[in-house]
Amino acid sequence: METLIKSWDGEAIVSRFDQETSTWMFIAIHSTALGVPTGGTRLKTYPTPHDALFDAMRLAEGMTYKWAGVEFPRGGGKAVLDIPESFDPSQREGLITRYGRWLADLNGIFETGPDLGTTPSDMALIRRGFNGVFGCPTDLGGAGDPGPYTALGVFSGIRASCEQRFNSLDLNGRSVLVQGVGSVGRPLINLLLEAGCDVKFSDLDSARIDEVRGELGLSFVEPEAVYGEPCDVFAPCATGGILNAKTNPQLKCLIVAGGANNQLEQTQDGEALHQRDILYAPDYIINAGGAIYLLAVENMGWSVSKAEDRIVEIGDTLKDIYAHAEKSGINTMKAAEELAKGRVKQAAQKKLAEI
């Protein structure tokens with residue numbers, strides 16, 4: 001782990017071993033240049049503590065570029081609780097409570113919300129002793145389901161992407177295929193229909209499929225046929241890693257813009273889309289709406305309308321990314337990373353100048 005930490009370009013690693021549950025806790029602070037490091041707390045079992053630490057570091061760096069990419073005043077951080085395979089669920093409340101106390105003892109160097117393996121109820125336990133948390137249940141001061149706000153950001157991103165590709169913000173008549181009709185995909189469909197889009201959908205859940213078919217009468221695309229379905233916009237809103245060497249050649253869309261995390265299986269898949277002249281909206285930019293909503297409303301005291309206005313600006317951010325990609329002759333993922341790194345560097349230099 002020493003070698004891993006020395007090779008990292010982040011600012012700090014904070015670790016603790018929970019003796020009662022044999023759980024390793026890692027907080028990776030990648031950057032404080034733009035504000036307090038903020039990211040989710042992930043709870044899962046890893047093969048080794050080294051793997052857990054590496055995951056925390058990788059995710060923290062991603063949060064730096066996410067916040068910087070959408071120009072939101074937060075730094076990059078992530079926490080991982082590496083529970084053993086023998087973890088007893090009855091120990092969960094105690095573990096989360098101790099984790100919350102640890103965060104409080106760290107005097108606000110990291111603020112957090114739910115992530116893989118953690119829940120709003122876990123966040124409520126943390127909040128008992130630490131205010132720098134978001135994503136709590138609504139009856140305990142939480143801001144509610146972030147899905148519709150992620151969808152709002154995706155919708156704004158689709159409009160910006162269509163303007164880039166078709167020179168028009170008007171979505172009337174545009175064909176959009178939504179993959180996954182859960183907490184993000186379903187509200188996105190509603191926004192697309194209101195804008196006059198011709199919407200098709202795909203999902204694996206039979207209950208969801210029947211519900212959307214019955215209520216909205218939309219055309220259903222079988223999951224195995226989704227990548228080869230012709231459309232203007234393909235909007236992945238389900239699992240990650242779906243854009244890869246196998247699926248990219250099948251795509252018959254002009255734009256990929258959806259709410260799923262980690263849509264590209266590998267970095268080179270972004271370049272593959274670029275080479276095929278398929279406009280790709282970087283996932284960590286276009287899907288930032290839900291994170292912005294929870295943090296801004298629940299933790300920063302913003303009104304819902306102020307948060308919504310900020311989320312809609314995701315479209316403007318994508319326009320900047322597309323302009324930079326076009327000017328530099330690079331793919332949009334690389335353009336997003338370059339812009340984000342530039343903002344972090346500029347902010348870091350400004351902080352140094354003020355010392």
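No value in this document is a laboratory result; all are computed from the given coordinates. Because the structure is a prediction, the values reported are computed rather than measured. For neighbour counting, all protein chains shown are included, and Cβ atoms are generated from backbone atoms with ideal geometry for every residue, glycine included.
What to note about this one:
- Karplus-derived 3J(HN,Hα), 6.51/-1.76/1.60, for each residue of the stretch 136-143, Hz, glycine and proline x: 7, x, 4, 6, 10, x, x, 8
- Full extension of the chain segment joining residue 222 with residue 172 gains 15.5 nm, where the gain is 0.36 nm per residue of separation less the Cα-Cα distance.
- Each peptide in 327-333, 83-89, 133-139, 1-7 was scored by the mean count of other Cβ atoms within 10 Å over its residues; highest first, the order is 133-139, 327-333, 83-89, 1-7.
- Rounded to the nearest 10 degrees, the inclination of helix 92-105 to the longest alpha-carbon principal axis of the chain is 80 degrees.
- Three-way shape label, the stretch 170-253, alpha-carbon gyration tensor, a/c 1.5: oblate
- With Cα atoms, 0 to 90° folded angle of helix 49-69 axis to the chain main axis: 50 degrees
- Angle between the chain longest axis and helix 332-354 axis [Cα atoms, degrees, rounded to 10]: 40 degrees
- Put the Cα centre of the stretch 144-201 next to the Cα centre of the stretch 298-355 and the gap is 21 Å.
- If R0 is 41 Å, the Cβ-Cβ spacing of residue 7 and residue 140 corresponds to a FRET efficiency of close to 0.50.
- Virtual paramagnetic centre 7 Å along Cα→Cβ of residue 351, amide N under 18 Å, in the stretch 4-39: 8-14, 27-39
- Set of lysines near residue 345 by C-alpha distance (under 29 Å), chain-local residues within fewer than 8 positions excluded: 6, 66, 78, 306, 319, 327, 334
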